[in-house]
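To keep things clear, I will list the structure first and then write my remarks on it.
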Amino acid sequence: MLPTLAGEPLFAPTSDRFVLFPIRYIDIWDKYKSIESSFWTAESFPPEIDATSAATSTHLEYVGRLLELLTMFDSSALFRELSSVVQSAEARAFLGFATMLINIHSEFLGNHLEILGTGATSGGEIYIAPGSLDQWMDKWNGNIGEWMVALASAELIFGSTLFVALIEGCEIEELRNGLKNVYRDRCAFAGFFITLCRHLANPPSPATIQRIITSAVGTELDSIKDLMSLFDIFIDSASLPSLVQFIGDQFANEFNVDKPFGACNPFDKFVVSISGGITAAKVTRPLVEGNEFDSSVEF
C-alpha cells in the first residue's frame, strides 16, 4: 500500500488530471518521450537456440535457471498503484507505457524459457520474488519519496547479478541483446522515479537515500550467496559485489549524494545508464518517408 500523499503537489487532486497539454512537467514528459522512442517487442529478439550438442544442452539448462529467477521480479502492480493516484498526466503517460514494457519483458523471457524447456528452479529461492518485493516496499513506507527511492533501487539493483551473468556469459546472441533492452528499460524506470522525487515537497533526505541503497545492495548480494557456483559458469562471481556496489554508487550519484561504496564496474559489456538518453537495440523503420507513401511496405 502506498504511504501518505498529503502535501505533495504531484498527488493533490485536480480537475486537470486527464489534461495533457500544455505540458506542465517538462522533465517528466521528456522521460516519457525518451522511453517511448525506445519501444521494442518480444518478436524483435526471437529465441534461436541450437540444442544439438550435449555441451550446448548443459549450458542452456544453466541459462534457464537464471532466467527463471529473473522472471520472479514483477513491479507492474506497483506501477499501476502509483498511476491510480498520481495527478500529473505526464507521469501517468510514463507509467502506462512502462507497464506495457513490463508485459513485453515477461513475454520475451517467457518465449525463451519455453524454448529452453526448463521447469525446475533448483538454484533455490531468491529475494526478488513478487512477495518479497512487496515486503521490501513495505519496509520503506514512511512517505511517498522514500517509497519511490525504494522502488527505483529495486528496478536497478534487484536481479542485476542475473542480468550481468547472462549478458556477459550467455552464448545466445538474441537473448543477450533482449536482456540489454530489458535492463535498459529498468534503468529508465529508475530515472523516472528520481525525476518524480525532484518535484516532491518533502523529498527523502540524503541519509535516507543512502540507507535505502546500501540495504538494496545487501539484499541483492544476500539473495545470491548460495548461487555462486551457478554464476561461475558464466562469469567470475567474485566480481559481483563490486558490480552491485557500482550500481548503488551510480544511483546515489543521480541524487547528488555521496557514493556509499566507491566501486568500479568490473564488467565491460554491462552498461548502467540511468539519466542519459536511451536508444533501442532494434527499432522499426518508419513506414512513411517524407511525404511519399510506399505501397510496397509490409504492414
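Count, please, the residues in segment 136-158 that happen to be within 18 Å of the chain's Cα centre (by Cα) and either modelled with pLDDT under 90 or of a type outside the set (D, E, K, R) (or both).
Residues that pass the stated criteria total 13.
Looking at segment 97-114, can you tell me whether even one residue there is modelled with pLDDT of 50 or more, assigned to a loop (DSSP other than H, G, I, E, B) and among the polar types (S, T, N, Q)?
No: zero hits.
Can you find even one residue in segment 223-235 that is among the polar types (S, T, N, Q), part of a helix (DSSP H, G or I) and modelled with pLDDT of 90 or more?
No, because not a single residue in segment 223-235 is among the polar types (S, T, N, Q), part of a helix (DSSP H, G or I) and modelled with pLDDT of 90 or more.
Go over the candidates THR208, THR161 one by one and state the one that is of a type in the set (Ser, Thr, Tyr), surrounded by fewer than 22 Cβ atoms within 10 Å (Cβ to Cβ) and either at pLDDT 85 or above or touching a helix residue (DSSP H, G or I) at 6+ places or on another chain (Cβ under 6 Å) (or both).
Testing whether each residue is of a type in the set (Ser, Thr, Tyr), surrounded by fewer than 22 Cβ atoms within 10 Å (Cβ to Cβ) and either at pLDDT 85 or above or touching a helix residue (DSSP H, G or I) at 6+ places or on another chain (Cβ under 6 Å) (or both) leaves just THR208.
What number of residues within segment 211-234 satisfy the criterion of being of a type outside the set (D, E, K, R) and buried (at least 20 other Cβ atoms within 10 Å of the Cβ)?
9
Among the residues of segment 246-253, are any assigned to a loop (DSSP other than H, G, I, E, B), out of contact with any Phe, Trp or Tyr (no Cβ under 6 Å at 6 or more places or on another chain) and either modelled with pLDDT under 85 or aliphatic (A, V, I, L, M) (or both)?
no
Scan segment 40-74 for residues that are within 30 Å of MET148 (Cα to Cα), modelled with pLDDT under 85 and among the polar types (S, T, N, Q) and jot them down.
If the condition is that a residue be within 30 Å of MET148 (Cα to Cα), modelled with pLDDT under 85 and among the polar types (S, T, N, Q), then THR71 is the only one that fits.
Among the residues of segment 24-47, what is the count of those that are part of a helix (DSSP H, G or I) and hydroxyl-bearing (Ser, Thr, Tyr)?
3
The values are calculated or read from the model by the stated rules, or taken from the named source; none is laboratory data. Being a predicted model, the structure only gives us computed values, none of them experimental. Cβ coordinates were reconstructed from backbone atoms using ideal geometry, including for glycine residues, and neighbour counts include every protein chain displayed.
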